[in-house]
Amino acid sequence: MNKRKFDDFDPFAANYRDLHNDSIKISGEESNYFTKQKIEIISTNFNGKNIKFLDFGCGDGNSEKFFYDFFPTSKYFGIDISEKSINIGIKSKNENSNFSLFDGEKIPYEDDFFDIIIAANVFHHIDFKLHEVLFSEIYRVLKPTGHFYLFEHNPFNPITRFIVKTCAFDKDAKLLFPRYSKSTLRKLEFKTVQSNFILFFPRIIFFKYFIKIENYLKKIPLGAQYYTLCIK
């Protein structure tokens, strides 16, 4: 942990989706489902056109195609420290998209640039000593009243812990407890910092009626993942 700053995803870039799908088979859905769900959650909380959206730790840019389903007139920006992942994203990018290699410390954009920033299951791959530095960078490039969404795995959920433990690219992951995420982000000057839990039930036919009530369970810390919403 002392030498670890960021987990290396270059070795997994070419077959990341296959590895991810294999690791989450128990959920009843594939990677795309959960990527789309995150963008959909954002769209319900942020109504705007011509927005600038930063996918922090974008990997292969899988969020891009779903982003334009909900924000068709806006611009997607993806940054990541994995050069091989960024190159995959560039090959499939929309003309309104921009993918950039990230040095892991300074976000390569000016102050108050983005309307929305998402970090989807990224920070458990980063040394905890760098979290506050990077959260401060995210705050810097976020516009006033802009939204930052930190999505993370929930360490309280035993199925989540099993998936992480058995996933090839999660072998060095250090999960963030919800209280840690909220307290760390509250050290900044965000006007709002609040957490909700998601993904309580497997996405299989037997549970389809239970899935409909998940929104009413969002404050119960048992979902497979959670997100912390911060408004600048």
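Condition check ((1) within 28 Å of Phe190 (Cβ to Cβ); (2) touching a residue at least 12 places away in the same chain (Cβ under 8 Å); (3) aliphatic (A, V, I, L, M); (4) surrounded by fewer than 20 Cβ atoms within 10 Å (Cβ to Cβ)) across all residues:
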| residue | (1), (2), (3), (4) |
| --- | --- |
| Asp60 | no, yes, no, no |
| Phe67 | yes, yes, no, no |
| Ser74 | yes, yes, no, yes |
| Asn94 | no, yes, no, yes |
| Gly104 | yes, yes, no, yes |
| Asp111 | yes, yes, no, yes |
| Phe114 | yes, yes, no, no |
| Ile117 | yes, yes, yes, no |
| Ala120 | yes, yes, yes, no |
Mind checking whether some residue in region 152-163 is touching a Leu at 6+ places or on another chain (Cβ under 9 Å), polar (S, T, N, Q) and outside any helix (DSSP H, G or I)?
yes
Residues that are farther than 23 Å from Asp10 by Cα, touching a strand residue (DSSP E or B) at 6+ places or on another chain (Cβ under 6 Å) and among the hydrophobic types (A, V, I, L, M, F, W, C): does region 30-40 have at least one?
no
Determine whether Arg161 is at pLDDT 95 or above, surrounded by fewer than 19 Cβ atoms within 10 Å (Cβ to Cβ), touching a strand residue (DSSP E or B) at 6+ places or on another chain (Cβ under 9 Å) and not polar (S, T, N, Q).
yes
Say whether the condition of being of a type in the set (S, T, N, Q) and part of a helix (DSSP H, G or I) is met by at least one residue in region 88-109.
no
How many of the residues in region 178-221 are free of Cβ contacts under 8 Å to residues at least 60 places away in the same chain, closer than 21 Å to Gln37 by Cα, in contact with a strand residue (DSSP E or B) (Cβ under 9 Å, 6 or more places away or on another chain) and not in a helix (DSSP H, G or I)?
8
Return the residue satisfying two criteria in turn: it lies in region 66-87 and is charged (D, E, K, R) and assigned to a helix (DSSP H, G or I), and of such residues it is nearest to Ile126 (Cα to Cα).
Glu83
Restricting the search to region 26-58, which residues are part of a loop (DSSP other than H, G, I, E, B) and over 17 Å from Asn96 (Cα atoms)?
Gly28, Glu29, Glu30, Phe46, Asn47, Gly57
Of the residues that make up region 199-217, is at least one closer than 22 Å to Leu130 by Cα, surrounded by 16 or more Cβ atoms within 10 Å (Cβ to Cβ) and charged (D, E, K, R)?
no
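Rundown of residues vs (1) at pLDDT 95 or above; (2) within 28 Å of Arg203 (Cα to Cα), yes/no style:
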{"position": "Asp18", "(1), (2)": "no, yes"}
{"position": "Ser27", "(1), (2)": "no, yes"}
{"position": "Glu40", "(1), (2)": "yes, yes"}
{"position": "Glu95", "(1), (2)": "no, no"}
Which one of these is more than 21 Å from Lys106 (Cβ to Cβ) and out of contact with any strand residue (DSSP E or B) (no Cβ under 6 Å at 6 or more places or on another chain): Ser43, Ser82?
Ser43
Filtering region 1-29 for residues that are in contact with a strand residue (DSSP E or B) (Cβ under 9 Å, 6 or more places away or on another chain) and among the aromatic types (Phe, Trp, Tyr) leaves a count of 2
Return the only residue of Ile90, Ile81, Ile41, Ile26 being over 25 Å from Pro144 (Cα atoms), within 18 Å of the chain's Cα centre (by Cα) and among the aliphatic types (A, V, I, L, M).
Ile81
Among the residues of region 165-175, which ones are assigned to a helix (DSSP H, G or I) and without any contact (Cβ under 8 Å) to a residue 12 or more places away in the chain?
Lys165
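The values are calculated or read from the model by the stated rules, or taken from the named source; none is laboratory data. Note that this is a predicted model, so its numbers are computed, not measured. Don't worry about glycine lacking a Cβ; one is built from the backbone with ideal geometry, like all the others, and counts go over all protein chains shown.
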